[in-house]
Amino acid sequence: MFANALLCVAVAVLPPQAGQGGQGGQGGQQPRMPRVPSMTELMKDVDLYPAERPVAVQHFFAVEGEAKPEALTKAFQELKSDKALCRITYGPVSTSSRPKLQFLAVEAPATVKKKDVERALERGGFKADEVAATCFQGPQQNFGGQGGAFGLSSRDWLLGTSADLRWCETLLGFSQFFHVPSKLDAEQIADRVKKLGQPFGRGDIGKLVVHSFTWRLEGTLDETIAKRLEKALLKLTCVKRAVVDVGSKTLAMEVALEGVRVSGMPAELPIPEEFKGFADAAAQSAGNALDAPRVRFDTTPVWELLDKELLKPLTIEKQTAQPAEPPADGG
C-alpha cells in the first residue's frame with residue numbers, strides 16, 4: 001500500500017538510486033527521493049474532526065505476560081458491536097531495556113469502557129495497565145534502530161532510564177509518548193527527552209500538538225445553554241478552549257494532545273503523488289512499514305454533552321474558490 005510506503009520513507013534515509021543496468025552508470029540515474037513532508041504539511045487539508053459520531057476508539061496499554069489466543073479472542077468478541085470490532089491493532093512490542101514490559105493498542109467500540117477492555121486483556125493472559133499519550137510535532141526522527149549510546153536505540157534508552165514512560169513512536173515529526181496517566185505532562189516529557197535523547201540526536205521533539213475545530217449546531221440554543229455547555233466542555237480531558245456562539249450557532253474548540261487516555265481512530269493519510277513511485281525502494285530500505293497508532297482527540301464526550309442539550313453538530317463545509325467570470329465581449 002502506498003500509505004505504508006510513505007511511512008517507510010519517514011523512518012529511512014534513502015540514497016539516490018543508481019542508473020539501471022545496461023546504461024553503464026552514465027546519465028541513467030533515477031530521480032531522488034522527494035523531500036518527506038511533515039505530518040502538519042501532509043494533513044493540512046484533512047478535516048481531522050468532522051461532525052461524525054465516533055463508532056470506534058483506540059485504547060493504549062502497558063502489559064506483561066503472554067497472550068492466550070483463544071481466551072483473548074473470546075473476550076474481544078463479547079465486546080464488539082455491529083459497527084466496530086474489538087481487536088489489538090498494534091503490538092505487543094517491547095524494548096531490550098525493558099523486555100517484560102510490552103505496549104499495545106486496542107481498537108474497541110466507542111461505547112465500550114476502557115476498564116472493560118482492560119479486563120478482556122487480563123482474561124486473555126495479560127496483566128494490563130492503561131497508559132496515556134502526549135504528542136508533539138517537530139523534527140522528523142526515528143526512535144528505533146541502533147547506533148546510539150551503548151549500542152541502544154533512542155527508544156531503548158528513553159524507556160530504560162525513565163520509569164514513567166511506557167513507549168514512544170514518531171511518524172513524519174509527529175512524536176507520541178505513552179506514559180503512566182497523570183505522571184508526566186508535556187513540559188516534563190520535552191525536558192526529559194532533551195536531556196536523555198542528546199546522545200542520539202533526539203533532543204528536540206518540537207511543540208505540543210494542539211488541534212482546533214468548529215461545528216455548526218442545530219437545535220434550540222440560548223445564552224444559558226451556551227454557558228452551561230462551555231463549562232461542561234472545559235472539564236473534559238485535553239480541552240483547552242470551548243466557545244459556544246449563540247448568534248452563529250457554532251461550537252469552536254481547541255484540544256491539546258496531552259494526557260490522552262482514549263484516542264480517536266487515526267484519520268487516513270493522504271499520499272502525495274510524487275511518492276507513489278518509491279514504494280518498493282522505501283519498503284526495502286526501512287524493512288517494515290511503521291504502522292503505529294496515531295493519536296487523535298476522541299469527540300465521543302463532546303457528542304454526549306451535546307445530546308444532553310438536544311443539540312446536533314454539523315460539519316462546516318470549506319468554501320471553495322469560485323472560478324472567475326469570463327470578461328464580457330469587448331470588455
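If you take the residues in segment 261-286 that are hydrophobic (A, V, I, L, M, F, W, C) and farther than 21 Å from PRO50 by Cα, which one is modelled with the highest pLDDT?
Restricting attention to segment 261-286, the residues satisfying the condition of being hydrophobic (A, V, I, L, M, F, W, C) are 262, 265, 267, 269, 271, 275, 278-279, 281-283, 286.
Filter once more, so that each one left must be farther than 21 Å from PRO50 by Cα: 275, 278-279, 281-283, 286.
Working: PHE275: 68, PHE278: 57, ALA279: 53, ALA281: 50, ALA282: 51, ALA283: 45, ALA286: 42.
The qualifying residue modelled with the highest pLDDT is PHE275.
Taking segment 201-226 on its own, how many of its residues are on the phi > 0 side of the Ramachandran plot and over 27 Å from the mean Cα position of the chain (by Cα)? So that I can check it myself, show each step before the final result.
Initial filter on segment 201-226 (on the phi > 0 side of the Ramachandran plot): 201, 206, 219.
Those still in the list that are over 27 Å from the mean Cα position of the chain (by Cα) too: 219.
Looking only at that region, the number is 1.
In segment 91-119, what count of residues is obtained for those that are in a helix (DSSP H, G or I) and under 20 Å from MET265 (Cα atoms)?
Taking segment 91-119 first, the residues in a helix (DSSP H, G or I) are 114-119.
Filter once more, keeping what is under 20 Å from MET265 (Cα atoms): 114-118.
Adding up the residues that qualify gives 5.
Among the residues of segment 232-245, which ones are in contact (Cβ under 8 Å) with a residue 24 or more places away in the chain and under 17 Å from THR315 (Cα atoms)?
VAL244
From ALA128, ALA186, ALA110, ALA133, grab the single residue that is in contact with an Asp or Glu (Cβ under 7 Å, 6 or more places away or on another chain), among the small types (Gly, Ala, Ser) and either free of Cβ contacts under 8 Å to residues at least 24 places away in the same chain or under 18 Å from PHE297 (Cα atoms) (or both). I'd like the intermediate steps shown before the answer.
On the way: ALA128 fails: either free of Cβ contacts under 8 Å to residues at least 24 places away in the same chain or under 18 Å from PHE297 (Cα atoms) (or both); ALA110 fails: in contact with an Asp or Glu (Cβ under 7 Å, 6 or more places away or on another chain); ALA133 fails: in contact with an Asp or Glu (Cβ under 7 Å, 6 or more places away or on another chain).
Of ALA128, ALA186, ALA110, ALA133, the one residue that is in contact with an Asp or Glu (Cβ under 7 Å, 6 or more places away or on another chain), among the small types (Gly, Ala, Ser) and either free of Cβ contacts under 8 Å to residues at least 24 places away in the same chain or under 18 Å from PHE297 (Cα atoms) (or both) is ALA186.
Condition first: surrounded by fewer than 20 Cβ atoms within 10 Å (Cβ to Cβ), at pLDDT 95 or above and assigned by TED's automatic domain parsing to the domain that holds SER81. Can you find one or more residues in segment 100-109 that meet it? Don't jump to the end; show me each part of the working.
First, pick out the residues of segment 100-109 that are surrounded by fewer than 20 Cβ atoms within 10 Å (Cβ to Cβ): 100-101, 109.
From the residues that got through so far, the ones that are at pLDDT 95 or above too are 109.
Subset that is assigned by TED's automatic domain parsing to the domain that holds SER81: 109.
Yes, segment 100-109 contains a residue that is surrounded by fewer than 20 Cβ atoms within 10 Å (Cβ to Cβ), at pLDDT 95 or above and assigned by TED's automatic domain parsing to the domain that holds SER81.
Just to be sure I understand, how many residues within segment 213-258 are touching a Lys or Arg at 6+ places or on another chain (Cβ under 6 Å), over 30 Å from ALA133 (Cα atoms) and acidic (Asp, Glu)?
Matching residues across segment 213-258 total 1.
Of everything in segment 136-160 that's within 22 Å of the chain's Cα centre (by Cα) and either farther than 26 Å from PHE297 by Cα or not assigned by TED's automatic domain parsing to the domain that holds SER97 (or both), which residue is modelled with the highest pLDDT? Even if it seems obvious, please write down each step before you answer.
Within segment 136-160, the subset within 22 Å of the chain's Cα centre (by Cα) is 136-145, 153-156, 158-159.
When the remaining residues are screened for being either farther than 26 Å from PHE297 by Cα or not assigned by TED's automatic domain parsing to the domain that holds SER97 (or both), the result is 145, 153-154, 156.
Values: GLY145: 59, SER153: 75, SER154: 77, ASP156: 83.
The selected residue is ASP156.
If I filter segment 296-321 down to residues being loosely packed, with under 10 Cβ neighbours inside 10 Å and at pLDDT 55 or above, which single residue comes out as nearest to LEU229 (Cα to Cα)? Even if it seems obvious, please write down each step before you answer.
Within segment 296-321, the first condition is being loosely packed, with under 10 Cβ neighbours inside 10 Å, and the residues that meet it are 317-321.
Those still in the list that are at pLDDT 55 or above too: 317-319.
Details: GLU317: 23, LYS318: 25, GLN319: 28 Å.
Looking at the filtered set, the residue picked out is GLU317.
Restricted to segment 79-90, and to residues that are assigned to a loop (DSSP other than H, G, I, E, B) and in contact with a Pro (Cβ under 6 Å, 6 or more places away or on another chain), which residue is surrounded by the most Cβ atoms within 10 Å (Cβ to Cβ)?
Start the filter on segment 79-90 by keeping residues that are assigned to a loop (DSSP other than H, G, I, E, B), which leaves 79-86.
Retained after the next criterion (residues that are in contact with a Pro (Cβ under 6 Å, 6 or more places away or on another chain)): 81, 84.
On the way: SER81: 14, ALA84: 19.
Among residues in segment 79-90 that are assigned to a loop (DSSP other than H, G, I, E, B) and in contact with a Pro (Cβ under 6 Å, 6 or more places away or on another chain), the one surrounded by the most Cβ atoms within 10 Å (Cβ to Cβ) is ALA84.
Looking only at residues in segment 51-78 that are within 16 Å of the chain's Cα centre (by Cα) and either hydrophobic (A, V, I, L, M, F, W, C) or part of a loop (DSSP other than H, G, I, E, B) (or both), which one is nearest to PHE126 (Cα to Cα)?
This residue is PHE61.
Which pairs have Cβ atoms under 6 Å, sit 6 or more apart or on different chains, and link a residue in segment 61-73 that is over 18 Å from ARG98 (Cβ atoms) to one that is in a helix (DSSP H, G or I)?
ALA71/ARG123
Report, by residue number, each residue of segment 158-177 that is over 15 Å from GLN140 (Cα atoms), in contact with a strand residue (DSSP E or B) (Cβ under 9 Å, 6 or more places away or on another chain) and surrounded by fewer than 23 Cβ atoms within 10 Å (Cβ to Cβ).
Across segment 158-177, the qualifying residues are GLY160, SER162, ASP164.
Every residue, every condition in (1) under 21 Å from ASN142 (Cα atoms); (2) at pLDDT 90 or above, yes or no:
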residue: GLN23; (1), (2): no, no
residue: MET43; (1), (2): yes, no
residue: ARG53; (1), (2): no, yes
residue: PHE61; (1), (2): no, yes
residue: GLU64; (1), (2): no, yes
residue: ALA67; (1), (2): no, yes
residue: ALA71; (1), (2): no, yes
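The values are calculated or read from the model by the stated rules, or taken from the named source; none is laboratory data. From a predicted model like this one, the values you see are computed outputs, not experimental measurements. Please note: Cβ atoms are built from the backbone with ideal geometry, for glycine as well, and neighbour counts cover all protein chains shown.
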